[in-house]
Every structure is written in structure tokens, then in C-alpha cells.
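Handing you this structure, nothing more for now.
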């Protein structure tokens, strides 16, 4: 998409300082942007790159206009550079639009109900009694089981597998390779044998959820695994059976959540966090990267480590641990000195 800076300023809620008639054809970061591209300065740490920036325009925060901007660089001044830049990128690089279409290379059950505006790509399989809503897109090779409901404006990327009875709301995106609704990892050991617990529940995904690539969300054993509205899940995440994930939760890559946990609204689970079963993470709590959680976490707290502790306490312990080699040397010196004093006293 090609836009003038004046047109972008309207889209971005910004004012132009410089040549409003300049043509912009794309967006890039401040270090790699070239002529006819737009960039953004949202972090003062990157201000040092501005003087050599080859972009035609840069979005900056009002009240913090940089002094080292080169003469050729037009500034778009706004109150929130990050959000303005997102609006600009969406305008310059609009998402691909899919027309109403059903590929002849599909396997769709006669009882499935597909909206007339849906797009169904090649080699898609859709089972009995499924429903696909208006303007939803199911891309090549996706497999949809039986009795699955998919709402409006959803995008199911290639090779996604959605098991029976899954319910998906509106405006949901599921990226390639993800599996929704497989059996949970539940067994009972009797006489040294693992007896499988039947999983007859389902998965319910509410509106405006995005799920990254190669993520697995297991169905409930008896009941539902629930993903709340607005929640964003990264790539390579494992969510076990019967978890209840609240609204607007962030779950970063390689996180593993065992079964029957409750993650309350607006919690953040950073990368590689591990959550034991039957744990509750309070609302607005932050589980820092690579933390191991075996007990409930209170709302609005930050924890770190394995086993996780309150963030400041954990960092103090880590700092003390880093001093341990020097402390051991000091102890050896003191032990030697005590031995010398004891010897001198006896003699």
C-alpha cells in the first residue's frame, strides 16, 4: 500500500512536522528502514540510531521530539508512538483478504453448515454437524472434527487439528500445527500398570483469542478446558486438561500448564514457565521466565525461580549465591586464622 504522510497522520492520530506530501510504501525498524519507509522511535535507547536513519519518516512521542533527527526525516508526532505505529503498519501492510470460496479438493460432511462468505482451502477436512461462521477462513490441510463450532471472522491456519466438540468464538486466530482438543495426560497406576483416564470433555475458546503455532490445548476429562476472551497464547505452549484460563491472559512460548489449573484475568506467564496441577494464578500476577509454580500465586504479585518465590526475595537469593565462591574463600582464610590463634594460645 502507498500512502502520503498526511494520509498516514490521519490514520495514526498524529501531526506532521516536515513534508506531508512524502510518499510512504512500507514500514521497518529504525536501524534498517530506507527511503519511502516509515519507522518509529518508541524507546529512548534507540535514539542513537536516529541520526543515521535513512527512513523518510519517523513516529515520535509529543514532548520528546529528538534533536538529532536528520534534515530529510519527517516526523509524525503523537501521544502513543507504539499504537500509532501499529495503525500505520496495518494500513501500509494490510492483511490478506480471502473471498468466499470452497476448494474442490476438500472433504466436507453433508451435515456441516458453512457460511456463504467462508473460505475453505485445499485438502481441508470438516466433520459431521460442524458450523463455520461468516467470513471465517480455514486454510490448506486443516482438519476439523465432528460437532465443532467456529464463529465469525476466524482464521484457522494450515495443518491445524481441531478435535470433536470444540467450540470457538468470533475473531479467533489459530496458527499452523496447533492441536486443539486432544486427550489430556491422565492415568491411574494400578499394579504397575497405567490405566488411561477417559477424556470426554471439550475445549471452549472465547472471542478474540490468538493461539501460536504448534501449541496443544487438551480437552477436559469431564467438562471443558476454557480459554477466556482476549487471551494470547504463544508458540509451543502446552495447556493441560480442565484448565480455566481467564480473560486477557498472556502465555509465552514453551510454557507448560498441568491439569485443572485456574489462571485468572490479565495474568502473565513468561517463557518456559512450568505450572503444577491444581494451582491458581491470581489476576494480574506475573510468573517470570523459567519459573516453577507448585503453589497458588496471589493476585497482583510477581514471582520468580523454581520453586518460585516473590521476585525481590528470589533475586536477593540469586545475588547472594553469586557471592558464594568468595564467601567460601573468606571462610577458609578465617578457619586457618582461628587454627593459628588456637595453636598460639595453647603454646
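Restricting to segment 107-122, and then to whatever is in contact with a strand residue (DSSP E or B) (Cβ under 8 Å, 6 or more places away or on another chain) and surrounded by fewer than 17 Cβ atoms within 10 Å (Cβ to Cβ), can you tell me which residue is farthest from residue 174 (Cα to Cα)? Walk me through how you get there before you give the answer.
Going through segment 107-122, the residues in contact with a strand residue (DSSP E or B) (Cβ under 8 Å, 6 or more places away or on another chain) turn out to be 107-109, 112-115, 118-121.
Still in the list and also surrounded by fewer than 17 Cβ atoms within 10 Å (Cβ to Cβ): 107, 109, 113, 115.
Details: 107: 20, 109: 22, 113: 20, 115: 19 Å.
Among those residues, the one meeting the criterion is 109.
Among residues belonging to segment 136-158 that are in contact with a strand residue (DSSP E or B) (Cβ under 8 Å, 6 or more places away or on another chain) and part of a loop (DSSP other than H, G, I, E, B), point out the one that is farthest from residue 203 (Cα to Cα).
Quick first cut of segment 136-158, residues in contact with a strand residue (DSSP E or B) (Cβ under 8 Å, 6 or more places away or on another chain) only: 136-139, 142-145, 148-151, 154-157.
Pick out the ones that are also part of a loop (DSSP other than H, G, I, E, B) and you get 136, 139, 142, 145, 148, 151, 154, 157.
On the way: 136: 19, 139: 21, 142: 17, 145: 12, 148: 10, 151: 14, 154: 16, 157: 18 Å.
Filtering segment 136-158 for residues that are in contact with a strand residue (DSSP E or B) (Cβ under 8 Å, 6 or more places away or on another chain) and part of a loop (DSSP other than H, G, I, E, B), the one farthest from residue 203 (Cα to Cα) comes out as 139.
Ok, one more. Return yes when residue 314 is not in a strand (DSSP E or B) and not assigned by TED's automatic domain parsing to the domain that holds residue 260 and no when it is not. Explain how you work it out, then say what you get.
Details: not in a strand (DSSP E or B): yes; not assigned by TED's automatic domain parsing to the domain that holds residue 260: yes.
Against the criterion (not in a strand (DSSP E or B) and not assigned by TED's automatic domain parsing to the domain that holds residue 260), residue 314 qualifies.
Still on this model: Within segment 77-89, is even one residue under 29 Å from residue 4 (Cβ atoms) and in a strand (DSSP E or B)? Before the answer, list the steps.
At the first step, the residues of segment 77-89 found to be under 29 Å from residue 4 (Cβ atoms) are 77-89.
Okay, now just the ones that are also in a strand (DSSP E or B), so 77-78.
Checked against the condition, which is being under 29 Å from residue 4 (Cβ atoms) and in a strand (DSSP E or B), segment 77-89 yields at least one hit.
Of everything in segment 36-53, what is at pLDDT 95 or above and part of a loop (DSSP other than H, G, I, E, B)? Give them in sequence order.
Filtering segment 36-53 for residues at pLDDT 95 or above gives 36-40.
Result: 36, single match.
Here's another thing I want to ask about it. Mind counting the residues in segment 11-23 that are within 24 Å of residue 96 (Cβ to Cβ) and within 30 Å of the chain's Cα centre (by Cα)?
First, pick out the residues of segment 11-23 that are within 24 Å of residue 96 (Cβ to Cβ): 11-12, 23.
After this cut, where a residue has to be within 30 Å of the chain's Cα centre (by Cα) as well, the list is 11-12.
Matching residues across segment 11-23 total 2.
For segment 323-346, which residues satisfy the criterion of being under 27 Å from residue 289 (Cβ atoms) and surrounded by 10 or more Cβ atoms within 10 Å (Cβ to Cβ)?
Within segment 323-346, 323 is the sole residue that qualifies.
Here's another thing I want to ask about it. Is it true that residue 167 is modelled with pLDDT of 95 or more, assigned by TED's automatic domain parsing to the domain that holds residue 268 and farther than 30 Å from residue 289 by Cα? Steps first, please.
Values: modelled with pLDDT of 95 or more: yes; assigned by TED's automatic domain parsing to the domain that holds residue 268: yes; farther than 30 Å from residue 289 by Cα: yes.
When the stated conditions are applied, residue 167 passes them.
Under the condition of being part of a loop (DSSP other than H, G, I, E, B) and at positive phi, which residue from segment 166-184 is surrounded by the most Cβ atoms within 10 Å (Cβ to Cβ)?
Here is the first cut: in segment 166-184, the ones part of a loop (DSSP other than H, G, I, E, B) are 166, 169-172, 175-178, 183-184.
Retained after the next criterion (residues that are at positive phi): 171, 177.
Numbers: 171: 19, 177: 17.
The selected residue is 171.
All but one of (1) exposed (fewer than 10 other Cβ atoms within 10 Å of the Cβ); (2) not in a helix (DSSP H, G or I) hold for residue 307; which doesn't?
So residue 307 meets the others, but not (1).
What number of residues in segment 231-246 are buried (at least 18 other Cβ atoms within 10 Å of the Cβ) and in a loop (DSSP other than H, G, I, E, B)?
So the count comes out to 9.
Could I ask something else about it? State whether the residues of segment 290-303 include one that is assigned by TED's automatic domain parsing to the domain that holds residue 224, under 24 Å from residue 197 (Cβ atoms), buried (at least 16 other Cβ atoms within 10 Å of the Cβ) and touching a residue at least 12 places away in the same chain (Cβ under 8 Å).
yes
The values are calculated or read from the model by the stated rules, or taken from the named source; none is laboratory data. These numbers come from a predicted model, not from an experiment. Ideal geometry is used to build each Cβ from the backbone, glycine not excepted, and the neighbour counts take in all protein chains shown.
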